[in-house]
Amino acid sequence: MALLSGTITGLGTDEGDLWCTYAAIRTLSWLGRLDEIPNRADTVDFLLSKRNTDGGYAWSRGMTSDAWATFYCTQALRDLGHLVPDIERTAEWLSLTWSGEAYAMTPGQAPDVWATHFSTRTAIEICGVDVPDRDRLIDWLRRLQSPAGGVSWTPEHAVRGIADVRACHYATTTFHTLAGQHSAIALPWRTDDLIDWIQHQQLPDGGFRFAESATEACMWATFRATAALAWLDAAPAEPVGTWIARHRGSTGAYVRWDGYDVEDVWASFCAVGALRASGEHSPASDAIAALIATMAVPSGGFTYRETGSAADVLTSAAAILAAPDSAEADRLRAWIPRCLLPNEGGVMYMPGRGAEVRSTLWALSAGAFERDERARRRIGAWLTSIQNPDGGFGYWEGRGSDLVSTAAAVEIAVSLSEPIGSVIDIAALAGFVGECRTSAGEYGSAPGSQASARAGLQASRIFLALGDSRAGDAERLLQTHRVRGGGWANDGNRVPDLLSTYEAVVTADRLGIALDTEHVHRFVDRISAASGFRWSPLAANSGGALAHCLGSLLRKRLSDRTARLPALTLS
């Protein structure tokens, strides 16, 4: 983990990122330059390392499978000409995410258009199987259309009049994938209204915004809008080529929006995608291929910009929290505000990406916005806008709700020093958490999902923030998942892990539950290594900056009973 170059600096992991890797490979595929991919074999290994035994793929090793990671990994492997392993197992995992009418991001979650797009394409294009019920899926897609004509994340969002060009793209691409096998299927939407709504998101400068609530055009919105119109046999009211050309940077590759001068992988991915949808070829092919080569990570995969400058919020916030009084922490706090989008109030994991709840929580916990009341108000307004109709929160706008994200959202509200009810609908919030309760009285991360320690701990903290202390439930949970040799496990009580142990200590402290510090000491000692903290005693290597942060905070708590740990969540 090295300090990155630049006047205002952040920290990065020096590792590949899944979304960046997919974007780099797909862009080079569109340009016909896949033979120029550096470290091809290592990149294949990087993608395969995300595969879980259930047949799905995860954002990083050890995390649970989800639809977006499964789509990105399998699509990238196919682009590279590598056989996707055991597609029957992957198809079986996808079937677990089927709600009866559409796909969810993980088993048990409510379906959304992000996941439905990812999983429909994975099922048909990769696994060679059909969706479980084509007619019900098409009817679900029909119900995504809002009264004004645009398409939304879920039918429940649509009823509220919410629409977004990204949702329009995912819905129309899903339908096109279905219609590719049965071309006689009629479009399920009021097509003229949908085309008109998308065209009205084009601003006078030629670029597109996400929706009426957005103030600035960006490359991501321009790609999604242009591609959605192409699937509908329509086009932007004004050509987008000139606007895209104005956003070429000094290397000849592309930037995402006005005022952001970094030529990154997603800006070029979106620019090439938009031009392809318009029937045009990118004049920047050489520049893009050359820039992507600088993003290749030696161990496999890609990051979003040159590897020496690819900082991210989680790593930077983790370094601040581990050593909050260092000179480096001040520099990092100055860098994090660069990760605010012009059209969203939340903080991105990496600059140029969409705002995420967990990244926003880590940034606030690190003190990045303590003196910036305007940014704090923006974050509060953003939080209000992304609460799902079911009362919960997802990792990002439009993604299905889960307790990880919902607990992070509640902690964000607490950290803003405002009454929770001023930024979150607390009645709807309590309703969602209640739906996550299993018949055995424990909690899963989403309604219908398996119970786990972390989900229960997150639910306990949410109820506490709502003024409902459930210390007895939390004590039983801590006893159930307490590992004899030290620490707590997420499942059962045999293998402890750092995430579960950290959340156990935070929850116990918040609820005033007596903590056996010797028990925590034994666990922290077991995961300590010369290279840093490991995620569990069974892990061979250090878990990097995030593990170091959580391990260091636990050590601080053990030496100082008054230390108040931030309620950080990851999974």
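The values are calculated or read from the model by the stated rules, or taken from the named source; none is laboratory data. All values derive from a computational prediction rather than experimental measurement. Note that we place each Cβ from the backbone using ideal geometry, even for glycine, and neighbour counts take in every protein chain shown. When the accessible area is computed, the model is the full protein with side chains, heavy atoms only, and any ligands, DNA or RNA have been set aside. Shrake-Rupley method; radii C 1.70, N 1.55, O 1.52, S 1.80 Å.
Remarks
- Against the test of being modelled with pLDDT of 90 or more, surrounded by fewer than 21 Cβ atoms within 10 Å (Cβ to Cβ) and out of contact with any helix residue (DSSP H, G or I) (no Cβ under 9 Å at 6 or more places or on another chain), the options A334, A293, A289, A323 yield a single qualifying residue, A334.
- Of the residues screened, A284 is not one that is open to solvent by 30 Å² or more (accessible area, probe 1.4 Å), over 22 Å from the mean Cα position of the chain (by Cα) and in contact (Cβ under 8 Å) with a residue 24 or more places away in the chain.
- Checked against (1) in contact with a Phe, Trp or Tyr (Cβ under 6 Å, 6 or more places away or on another chain); (2) more than 20 Å from S385 (Cβ to Cβ); (3) assigned to a helix (DSSP H, G or I), A167 passes all but condition (2).
- W189 meets the conditions (1) farther than 22 Å from R256 by Cβ; (2) within 23 Å of the chain's Cα centre (by Cα) in every case but one. The failed one is (2).
- Unique match (being out of contact with any helix residue (DSSP H, G or I) (no Cβ under 9 Å at 6 or more places or on another chain) and free of Cβ contacts under 8 Å to residues at least 60 places away in the same chain) among D261, D205: D261
- The lone exception for S268 - which of (1) more than 19 Å from T307 (Cβ to Cβ); (2) buried (at least 24 other Cβ atoms within 10 Å of the Cβ) it fails: (1)
- Some residue of region 415-423 being under 15 Å from L568 (Cβ atoms) and out of contact with any Asp or Glu (no Cβ under 6 Å at 6 or more places or on another chain): yes
- Pairs, first on the phi > 0 side of the Ramachandran plot in region 25-49, second of a type outside the set (D, E) and open to solvent by less than 60 Å² (accessible area, probe 1.4 Å), C-beta under 7 Å, six or more apart: N39/A296; N39/G300
- Residue check, D491 part of a loop (DSSP other than H, G, I, E, B) and of a type in the set (D, E, K, R): yes
- Among the residues of region 524-571, those identified as part of a loop (DSSP other than H, G, I, E, B) and either at positive phi or β-branched (V, I, T) (or both) are T562, T569.
- L314 falls short on exactly one of the conditions (1) modelled with pLDDT of 95 or more; (2) of a type outside the set (D, E, K, R); (3) within 30 Å of T384 (Cα to Cα); (4) in contact with a strand residue (DSSP E or B) (Cβ under 8 Å, 6 or more places away or on another chain), and that condition is (4).
- Selection from region 55-69 of residues that are of a type outside the set (A, V, I, L, M, F, W, C) and either without any contact (Cβ under 8 Å) to a residue 40 or more places away in the chain or part of a helix (DSSP H, G or I) (or both): G55, G56, Y57, R61
- For region 497-514, the tally of residues that are open to solvent by 40 Å² or more (accessible area, probe 1.4 Å) and in a loop (DSSP other than H, G, I, E, B) stands at 2.
- Residues (within 16 Å of T120 (Cβ to Cβ) and among the aliphatic types (A, V, I, L, M)) located in region 135-173: L137, I138, L141, L144, V151, A167, A171
- Residues located in region 403-451, provided they are surrounded by 15 or more Cβ atoms within 10 Å (Cβ to Cβ), free of Cβ contacts under 8 Å to residues at least 24 places away in the same chain and not basic (K, R): T438, A451
- Residue count for region 206-222, restricted to those that are part of a helix (DSSP H, G or I) and open to solvent by 10 Å² or more (accessible area, probe 1.4 Å): 1
- Of the listed requirements (1) touching a helix residue (DSSP H, G or I) at 6+ places or on another chain (Cβ under 7 Å); (2) touching a residue at least 60 places away in the same chain (Cβ under 8 Å), S385 misses just one: (1).
- Near pairs, Cβ below 8 angstrom, 6+ apart or cross-chain, from region 546-566 (free of Cβ contacts under 8 Å to residues at least 24 places away in the same chain) to any residue that is outside any loop (DSSP other than H, G, I, E, B) and open to solvent by 30 Å² or more (accessible area, probe 1.4 Å): A563/K556
- Failed item, numbered, when V262 is tested on (1) more than 28 Å from L187 (Cα to Cα); (2) modelled with pLDDT of 95 or more; (3) surrounded by fewer than 24 Cβ atoms within 10 Å (Cβ to Cβ); (4) hydrophobic (A, V, I, L, M, F, W, C): (2)
- Some residue of region 303-316 being over 28 Å from the mean Cα position of the chain (by Cα) and touching a residue at least 12 places away in the same chain (Cβ under 8 Å): no
- A single member of R494, R522, R557 is basic (K, R), at pLDDT 95 or above, open to solvent by 70 Å² or more (accessible area, probe 1.4 Å) and within 19 Å of A453 (Cβ to Cβ), and it is R522.
- Apart from one condition, G472 fits all of (1) under 30 Å from G12 (Cβ atoms); (2) free of Cβ contacts under 8 Å to residues at least 12 places away in the same chain; the exception is (1).
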